[in-house]
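To start, the structure itself, in structure tokens.
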Amino acid sequence: MEICPGAFHFRHYLSIERQRATADRCRALVDGAVPAYVPIVRGGGKMHVRMLCLGRHWNASTYQYECTRADFDGLPAPPLPPEFRALAREIADSAGMSIEPDLCILNYYDADGRMGLHQDKDEGPESIAAGIPVVSVSIGDTARFLFGGLKRRDPIEAIPLESGDAFVFGGPARLHYHGVSRITPCTAPPELALSGRFNLTFRQSDEACRALS
Ligand SMILES: O=C(O)CCC(=O)C(=O)O
């Protein structure tokens with residue numbers, strides 16, 4: 001379903017088998033050798049998610065991408081698994097767009113998880129000007145996703161993102177404000193044995209744009 005030019009919501013995009021495989025992979029990653037952590041942003045506030053960046057690390061102090069987690073423990077960002085990369089390409093293609101993702105921000109939301117309204121604009125001017133989309137995949141509990149316009153005060157639509165849903169925003173919607181106001185606990189499919197929610201957002205940074213050109 002097209003939400004506005006450039007933004008698409010695909011309900012139940014992933015089968016339950018694909019959701020289970022993705023949930024298992026996410027669980028192993030967030031509790032792996034380079035674990036997810038709670039970032040502290042520039043103003044000193046703690047985020048309300050556990051975050052793990054794959055491929056490249058988003059530094060919550062500088063709002064820049066880097067290879068190692070300079071704002072936390074100095075460990076290298078784990079690689080972006082090839083099957084994740086392929087999934088992002090497949091979903092973008094369903095929206096008539098293309099992406100060569102070099103990074104994914106994997107967030108885990110517990111029952112109190114949320115994310116304030118923001119724009120995704122740290123991937124770089126080339127990627128953004130080209131309208132290369134952000135591709136989002138949700139697994140587990142339902143989120144109340146907020147999707148607005150190019151200005152913070154533009155009207156906002158609340159969209160429930162359920163387990164297996166995909167959301168793509170690129171082209172003219174690439175810089176639309178978005179966030180998550182709350183999670184509805186205990187709404188994950190029981191087959192996932194998951195309490196909480198994983199969200200994966202795939203992105204293509206300017207480094208990847210340059211490597212391709
Ligand atoms: O969890 C979501 O659905 C949105 C995540 C998000 O806005 C982000 O990672 O920038």
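Values for this structure:
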item	result
Set Ala70, Ala77, Ala95, Ala21: member being within 16 Å of the chain's Cα centre (by Cα) and at pLDDT 95 or above	Ala77
Counted residues, region 99-127 - those being in contact with a Lys or Arg (Cβ under 7 Å, 6 or more places away or on another chain), more than 10 Å from the ligand (Cβ to nearest atom) and open to solvent by less than 10 Å² (accessible area, probe 1.4 Å)	4
Wholly within region 1-70, strands (runs of 3 or more DSSP E) carrying at least 2 residues that are open to solvent by 70 Å² or more (accessible area, probe 1.4 Å)	none
Selection status of Ala130, of a type in the set (Gly, Ala, Ser) and either out of contact with any Leu (no Cβ under 6 Å at 6 or more places or on another chain) or away from the ligand (no atom under 14 Å from the Cβ) (or both)	yes
Residue within region 109-117 that is aromatic (Phe, Trp, Tyr) and either without any contact (Cβ under 8 Å) to a residue 12 or more places away in the chain or within 19 Å of Cys26 (Cβ to Cβ) (or both) present	yes
Residues that are near the ligand (Cβ under 10 Å from one of its atoms) and open to solvent by 30 Å² or more (accessible area, probe 1.4 Å), drawn from region 178-205	none
Listing of strands (runs of 3 or more DSSP E) fully contained in region 133-213 that carry 1 or more residues being within 18 Å of the chain's Cα centre (by Cα) and either under 21 Å from Tyr65 (Cβ atoms) or polar (S, T, N, Q) (or both)	134-140, 142-147, 166-169, 178-184, 197-203
Residue that is out of contact with any strand residue (DSSP E or B) (no Cβ under 7 Å at 6 or more places or on another chain) and at pLDDT below 95, where the choices are Gly43, Gly32	Gly43
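The values are calculated or read from the model by the stated rules, or taken from the named source; none is laboratory data. All values reported here derive from a predicted model rather than from experimental measurement. For neighbour counting, all protein chains shown are included, and Cβ atoms are generated from backbone atoms with ideal geometry for every residue, glycine included. Areas reflect the complete protein model, heavy atoms only, side chains present, ligands, DNA and RNA absent. Shrake-Rupley method; radii C 1.70, N 1.55, O 1.52, S 1.80 Å.
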